[in-house]
Amino acid sequence: MHSVSHSLKRMGKKIGLVPTMGYLHEGHLSLIKKSLELCDVTVASIFVNPSQFGPSEDYEKYPRDIERDNKLLKEQNVDYLFTPSADEIYPSGYQTYVEVNEISKKFEGEFRPNHFKGVTTIVSILFNCIQPDYAFFGQKDAQQAAVIKQMVNDLKYDIDIRVCPIIREYDGLAMSSRNVYLSPEERTKALFIHKALLYARKLIEGKETSPQTVVDNMRVIFNEEKSIKLDYIGIVNAYGFREVDLLEDGNEYYILVAARVGNTRLIDNELMRLQ
Ligand code: AMP
């Protein structure tokens, strides 16, 4: 990968990277399309990164289908697919990790300790292998994108980070490789998450300025749906990912939800741009 990226650089090509864990869906493909549009060369990576999974999480059973993914990427005319093995990335004796402090600790960081440390480490390694000019991430994982932006800023990577909108199923469920875990009944229940987010959007569009009131109202809805176990609801400013006391015009906020439906943990969010 180093020799490919060096020769692309020598030719003055702009390289776009789309890092994924595979089992591709339209959400991933939207990032690929953006990269193909903006860059001369697009590199997709597929790597199910063991260091971002907790000991009781789904690393082993995470869905994988490299042949299907390969076919989808070829159809999109992606230039390179980078699929290192776990042993190549983390050979025995590996001991270096990249950690972003404050922004990694709340929300996902609270429920998945060490998750972001694994993410920033692998993304850092991919940046070093691929040397991209642009890297594309999904708003679906809004905190992840904020953590990566912080890392890029702090470590002075010369990489333009682009965050692309959430792609949803026809009925509003945010696309995710983990949706295959849902039984038909759970899938119907899971729609509740997006509905709650739309309800919050409506409250804020109706000039509700207290994040606490919005969150309380959302909690009331979730309390009615016992089969969904909330991990958190939060409202943060879109830049620093900090919780706020007041929603103010001219600012952007994320409404965040993480919940478990059966054994499947789902996250979703809504970006609010207040005029
Ligand atoms: P993953 O394979 O789950 O690690 O995701 C790889 C990239 O695709 C991440 O930047 C995700 O945020 C992004 N992504 C995942 N699902 C979606 C979606 N529904 N819409 C847009 N981007 C997504």
**Request:** Collect residues whose amide H, placed 1.01 Å from N in the peptide plane, falls under 5 Å from the amide H of Asp231; neighbours closer than 5 in sequence don't count.
**Result:** Ala258, Ala259, Arg260
**Positive-end residue of Leu38, Ala196, Tyr62, charge dipole of the chain with Cβ unit charges** = Leu38
**Complete:** Rounded to the angstrom and largest first, Cα extents along the principal axes for the chain equal 55, 41, 38
**Prompt:** Cα-based Rg (one decimal) and Dmax (whole number) for the stretch 2-164, in Å?
**Reply:** 15.2, 46
**Estimated vicinal HN-Hα couplings, Hz - the stretch 242-251 in sequence order (Karplus 6.51, -1.76, 1.60; Gly, Pro = x)** = 9, 5, 10, 9, 9, 8, 10, 4, x, 10
**Prompt:** What is the Cα radius of gyration of the stretch 159-275 over 2.2 N^0.38 Å, N being its residue count?
**Reply:** 1.08
**Message:** Suppose accessible area is computed on protein heavy atoms with a 1.4 Å probe; arrange Tyr62, Tyr80 from highest to lowest.
**Reply:** Tyr80, Tyr62
**Sulfur and carbon atoms: percent of accessible area, the chain [1.4 Å]** = 47
**Item:** Surface accessible to a 1.4 Å probe, per residue, for the residues of the chain, Å²
**Value:** 51
**Fill in**
Magnitude of the Cβ-charge dipole (Lys and Arg +1, Asp and Glu -1) of the stretch 177-273 about the Cα centre, nearest 20 debye, reported as 440
**Request:** Beyond 23 Å between alpha-carbons counts as too far, so tell me which of Lys74/Lys156; Lys33/Lys140; Lys14/Lys106; Lys33/Lys195; Lys61/Lys106; Lys140/Lys229 fall in that bin.
**Result:** Lys74/Lys156; Lys14/Lys106; Lys33/Lys195; Lys61/Lys106
**Request:** Please list Glu75, Glu169, Glu60, Glu248 in order of solvent-accessible area, largest first, computed with a 1.4 Å probe with all protein chains present.
**Result:** Glu60, Glu75, Glu248, Glu169
**Degrees between helix 184-205 axis and first principal axis of the chain (Cα, 0 to 90, nearest 10)** = 70
**Message:** Explain nothing, just the number: dipole magnitude of the stretch 2-164 about its Cα centre with +1 on each Lys and Arg Cβ and -1 on each Asp and Glu Cβ, in debye rounded to the nearest 20.
**Reply:** 340
**Message:** What does the charge count around Gln143 come to, taking other residues whose C-beta lies under 15 Å from its C-beta (Lys +1, Arg +1, Asp -1, Glu -1)?
**Reply:** -2
**Prompt:** What shape does the stretch 167-208 take by its C-alpha gyration tensor, where a ≥ b ≥ c are the square roots of the eigenvalues and a/c under 1.5 counts as rounded, a/b above b/c as prolate, and the rest as oblate?
**Reply:** prolate
**Solvent-accessible surface ranking, highest first, for Glu88, Glu108, Glu99 at 1.4 angstrom** = Glu88, Glu99, Glu108
**Extension gain from His6 to Ser210, taking 0.36 nm per residue of separation minus the Cα-Cα distance** = 68.4 nm
**Fill in**
Once amide hydrogens are built 1.01 Å from N within the peptide plane, the residues lying 5 or more places from Ile161 or on another chain with amide H under 5 Å from its amide H are Ala135
**Message:** Net charge around Val261, counting only other residues with Cβ within less than 9 Å of its Cβ (Lys, Arg = +1; Asp, Glu = -1)?
**Reply:** +4
**Complete:** Rounded to the nearest 10 Å², the accessible area of Lys14 using a 1.4 Å probe with every protein chain kept is 100
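The values are calculated or read from the model by the stated rules, or taken from the named source; none is laboratory data. As the structure is a computational prediction, the values presented were derived from the model and not from experiment. Every residue, glycine as well, gets a Cβ built from its backbone with ideal geometry; the counts of neighbours run over all protein chains shown. For the accessible areas, the whole protein counts, side chains as well, though only heavy atoms, and no ligand, DNA or RNA atoms are used. Shrake-Rupley method; radii C 1.70, N 1.55, O 1.52, S 1.80 Å.
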